[in-house]
Structure formats: structure tokens, C-alpha cells
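One structure below.
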Amino acid sequence: MKKLPKIIGHRGAAGLAPENTLAGFRKTVETGVRMIELDAKLTSDGQVIVFHDENLERTTDGRGAVAETSYDAIAKLDAGRWFAPEYEGTRVPLLSDVLDYFRENDIAVNVEIKPCPGRERETALKTLEVLAAHWSEDAPLVVISSFKRLCLDLAQEQAPHWPRALLTDHFEEGWKEAVQELKAYSVHGNFAAFGKTRALDVQLLGAQAAAYTVNDVETTKILFSAGVDSIITDRPDMLAAWL
């Protein structure tokens, strides 16, 4: 199994360009970082888009819940001007289009299944369906992650050949058992929850340790010294330059 790269772009390069957009992913590629994390979410009509929030307001000029909005309506929204005027006209992309771009440019991907409440099963199944159609065996590394155990269970059941990552904010009780049951490839944890031995705890279970979301060199140094394998960052330019 391939190792995680040292640096992974968070939602692309969320500190440099509009998150979860093709413009942001292109900016990440310019930094030299070769793996990108993104969020997969379902529209009201069952299209898998790359989007983080349950609602549209923060990163688009739309309003309302993603789960209650069709893809045709979302596709018309501006997803860039909120970040900076030069990104006006940026759109919310389909996961399929993003995967095609990554594959063509030899970029590895961490797909976080990010379901709206109550839509865990359908979001996971549709995301896996899109991945199967747009990610070949000879493509770069793909890692499927989620905070929702059901999503990871479905990934293990439907696509056991793709690596799975357990997402955890505080290394909640039972996380070790979850890693073993899922045969997890990696554990992606909040950087603040990594002490001196947490990375070793993960690695002793046969998994790799990734810390999110780290946007400064000093914290990165501390985490690497503690044995963390990979850093997920909004500023891949800064950390890649230091590395």
C-alpha cells in the first residue's frame, strides 16, 4: 500500500483559493502538492457535488439547504466571489468532473463522504458509484474518509479495494476498535488531539496518522517530531516550501 504524502491540501488550498472548487484544486497543483482532500455531498436530485457545508450561504451566493436544492440550481451559483473578486464566476463542481481532472493530472485524492443529516447511506453509495466510474485501478492513490461510521462500513462492503480513513475529532472512545474493524489505512485526527504518543498508537494498529488542519510551520514540525505521517493543510504552498 502506498504511503500518504507528507502534505495534503485541505479542500484544495482553502487558504489560497475558494475551497472545494476546480479553481482551488488548480491552485493546489501549482504548489507542487500531489494529494488533495475534498468533500462529497448529495444534492436533492441525487448528484454528488464537491461541497462541505449543509447550507449554501457560507461559500456561495445561494441560500438554503444543499439537501433541498437541485444540482441545476446549485450549478448556477457563484462559489468564488465570497473568497476574492478575481474568483467571481467560480462554480460548485460535480465530483465526477473533479475526479477526471485529478486523474488526468496524476493527483491523489482523499474523498471525505460528507452526508447531510439522514442521508448517510445514499450519499455513501452514490459517492462510491461515481468513484467506480471515474477512478481506474492504475490511477493515483484514493482514500475514502468520513466521520460517519455507516459511510465507512458501506465503503468497506462495496469497495474493499479502496483504502479507508477514520476521521476523528478527539479520538473518541472506541476509535481503536473502529480502526481494526474497518481495516483502516489511516486515521485523520484533529491536530490538537495528537500528543507525544498518539501517532504511535495509530501506527501500532497498522494505520498511518494524518493531522488536520495545520497551517503553520512550527506546529507541523512538532507533529512530524511526534511521528505524524501526514499533514492536511489550507496552506500547502507554505508547508510544501518549508518541506
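Which members of the stretch 1-28 meet the condition of being part of a helix (DSSP H, G or I) and open to solvent by less than 40 Å² (accessible area, probe 1.4 Å)?
A23, G24, F25, T28
I want to confirm something. Restricting to the stretch 22-46 and keeping residues that are in contact with a Ser or Thr (Cβ under 8 Å, 6 or more places away or on another chain) and polar (S, T, N, Q), which single residue is farthest from I144 (Cα to Cα)?
If we take residues in the stretch 22-46 being in contact with a Ser or Thr (Cβ under 8 Å, 6 or more places away or on another chain) and polar (S, T, N, Q), then S44 is farthest from I144 (Cα to Cα).
Taking the criterion of being on the phi > 0 side of the Ramachandran plot and out of contact with any helix residue (DSSP H, G or I) (no Cβ under 7 Å at 6 or more places or on another chain), would at least one residue in the stretch 66-82 satisfy it?
No, that holds for no residue.
Name the pairs: first residue in the stretch 78-97 and under 10 Å from T59 (Cα atoms), second residue aromatic (F, W, Y) and assigned to a loop (DSSP other than H, G, I, E, B), Cβ to Cβ under 8 Å, at least 6 apart or on different chains?
Once the first residue is under 10 Å from T59 (Cα atoms) and sits in the stretch 78-97, its partners that are aromatic (F, W, Y) and assigned to a loop (DSSP other than H, G, I, E, B) give V92/F51.
Identify, from the list L99, L56, L95, the residue that is open to solvent by less than 30 Å² (accessible area, probe 1.4 Å) and more than 19 Å from A133 (Cα to Cα).
Only one candidate passes the filter, namely L56.
In the stretch 172-210, how many are open to solvent by 10 Å² or more (accessible area, probe 1.4 Å), more than 19 Å from D153 (Cα to Cα) and assigned to a helix (DSSP H, G or I)?
8
Take D72 and decide whether it is open to solvent by 50 Å² or more (accessible area, probe 1.4 Å), not aromatic (F, W, Y) and not in a loop (DSSP other than H, G, I, E, B).
Criteria met by D72.
State whether one or more residues within the stretch 97-116 are farther than 26 Å from G15 by Cβ and at pLDDT 95 or above.
Taking every residue of the stretch 97-116 in turn, none turns out to be farther than 26 Å from G15 by Cβ and at pLDDT 95 or above.
Among the residues of the stretch 191-206, is any in contact with a helix residue (DSSP H, G or I) (Cβ under 7 Å, 6 or more places away or on another chain) and under 26 Å from T28 (Cα atoms)?
yes
Identify, please: which residue in the stretch 141-159 is part of a loop (DSSP other than H, G, I, E, B) and either without any contact (Cβ under 8 Å) to a residue 12 or more places away in the chain or in contact with an Asp or Glu (Cβ under 9 Å, 6 or more places away or on another chain) (or both) and is, among those, surrounded by the most Cβ atoms within 10 Å (Cβ to Cβ)?
K148
The values are calculated or read from the model by the stated rules, or taken from the named source; none is laboratory data. Being a predicted model, the structure only gives us computed values, none of them experimental. Positions of Cβ are backbone-derived with ideal geometry, glycine not excepted, and every protein chain shown enters the neighbour counts. Note: accessible area is taken over every heavy atom of the protein model, side chains too, but ligands, DNA and RNA are not part of it. Shrake-Rupley method; radii C 1.70, N 1.55, O 1.52, S 1.80 Å.
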